[in-house]
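Have a look at the structure below before the remarks.
The values are calculated or read from the model by the stated rules, or taken from the named source; none is laboratory data. Since this is a predicted model, take the numbers as computed values, not measurements. We place every Cβ from the backbone using ideal geometry, glycine too, and count neighbours over all the protein chains shown.
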Amino acid sequence: MRDIAATLLDLESRGLYRRRRLLDSAQGPQVRVDGAPKLSFSSNDYLGLAGDPRITEALCEGARQWGAGAGASHLVTGHQRVHEELELRLAAFVGLPRALLFSSGYLANLAIVTTLATPSCEIFADRLNHASLNDAMLMSRVRFRRYPHCDLDALERQLAQSTAPEKMVVTDAVFSMDGDIAPLDRLLELCERHDAMLVIDDAHGFGVLGKDGAGSLSHFQVDSPRVVYMGTLGKAAGVAGAFVAAVDPVIELLIQQARPYIYTTAGPPAVAFALIRSLELMAQESWRRERLVQLSRQLAALLKTSPWRLLCSTTPIQPLVVGKNREALALSDSLAASGILVPAIRPPTVPEGTARLRISLSAAHSEQDVLRLVEALRDAQDAIPSEAGSQ
């Protein structure tokens, strides 16, 4: 029998043990965590909608109209009219023919890859893709190869060498730990040249990039029947769930064969009702995305002389590379002691030697919030040695 206690002790000794924090408040810049007030830079609530009272009221109204739960899978009796309405709106919002709801982005990615990748398919994946895409490739049991992060020359060589009759390129749009953006327009050109499907995980771009927050496809003005697009609804949209958007035959095949869709109870209809309101606010209130741009520029300017390296990112994800696991934890703890919550991200989520603080900006933050964070980081410089400078 496995010695689980020894495994846990080993994680602790290597600075990889993870502990959950307990929130006693709604999401927002100001939260109450583990019994104490904190200024939070740790949420994916990029547009500040998770605690918006208009969405809260829509959730309550949805529950009054549709009840608390769906009660069955979509293919039994769980697909309610409000789910259908949300799918129609999502498809129109991202500019694709049809959309399909899922309970989470993880399930959506599993569904896409395991359903669409046949035994004769070969998958090509960016090395920094999200874990859900990596797990999906493993579960698909088809051949896959990774290419160096955003290295399109390497990807083209791999595609040219492949003799597989079917090919699939899989990528994050916005990479969750570096905050950079995949060149989707050039990726699509490669897919067209080599007759490959392009699967895009836009978990961190939907709502943030593109016209009205329509996401990375809009940002790059990408439009092709080769594209299978996944967006999440619990980050910028502020509620919960995910969706896949594509041409009609792709969506219909997912409905018919995707196990994560067939064997999962439909999401609460009240959530779908709230998400319809969220889409409206995302489109109407462009100031939220403008605020994110302003705050990211402010942070980059203020951290130019920091002993730690702020990666180049134009998205709300602002990674500050510290280096060693324990030093990243110590810096995170130092900020927490001063009332600021920023998570330390360690391997295996990021490569060895690149442990970092993942600073997540929200449209609900103010310039004063960012200034307070930078001042706290400066105060911590003498107490926390820097290991990032040599990397």
- Task: For ARG64, state whether it is farther than 22 Å from GLU192 by Cβ, surrounded by fewer than 18 Cβ atoms within 10 Å (Cβ to Cβ) and basic (Lys, Arg).
- Result: yes
- Message: So, restricting to strands (runs of 3 or more DSSP E) that lie completely within the stretch 1-108, which ones have at least 1 residues that are outside the structural domain of LYS211 (by TED's automatic domain parsing), in contact (Cβ under 8 Å) with a residue 12 or more places away in the chain and more than 21 Å from the chain's Cα centre (by Cα)?
- Response: 30-33, 36-40
- Residue that is surrounded by the fewest Cβ atoms within 10 Å (Cβ to Cβ), among those in the stretch 112-130 that are closer than 10 Å to PRO260 by Cα and over 17 Å from the mean Cα position of the chain (by Cα): THR114
- Kindly indicate whether any position in the stretch 145-161 is over 20 Å from TYR229 (Cβ atoms), among the polar types (S, T, N, Q), at pLDDT 95 or above and part of a loop (DSSP other than H, G, I, E, B). no
- Query: VAL239 fails exactly one of the following numbered conditions: (1) hydrophobic (A, V, I, L, M, F, W, C); (2) under 19 Å from the mean Cα position of the chain (by Cα); (3) surrounded by fewer than 20 Cβ atoms within 10 Å (Cβ to Cβ). What is the number of that condition?
  - Reply: (3)
- Task: Scan the stretch 1-47 for residues that are touching a Leu at 6+ places or on another chain (Cβ under 9 Å), among the basic types (Lys, Arg) and under 24 Å from GLY323 (Cβ atoms) and jot them down.
- Result: ARG18, ARG21
- Query: Considering the stretch 171-197 alone, what residues qualify as being assigned to a strand (DSSP E or B) and surrounded by 22 or more Cβ atoms within 10 Å (Cβ to Cβ)?
  - Reply: THR171, ASP172, VAL174, ALA196, MET197
- Task: Would you point out which residue out of ALA164, ALA154 is in contact with a Pro (Cβ under 6 Å, 6 or more places away or on another chain) and either surrounded by 14 or more Cβ atoms within 10 Å (Cβ to Cβ) or of a type outside the set (A, V, I, L, M) (or both)?
- Result: ALA154
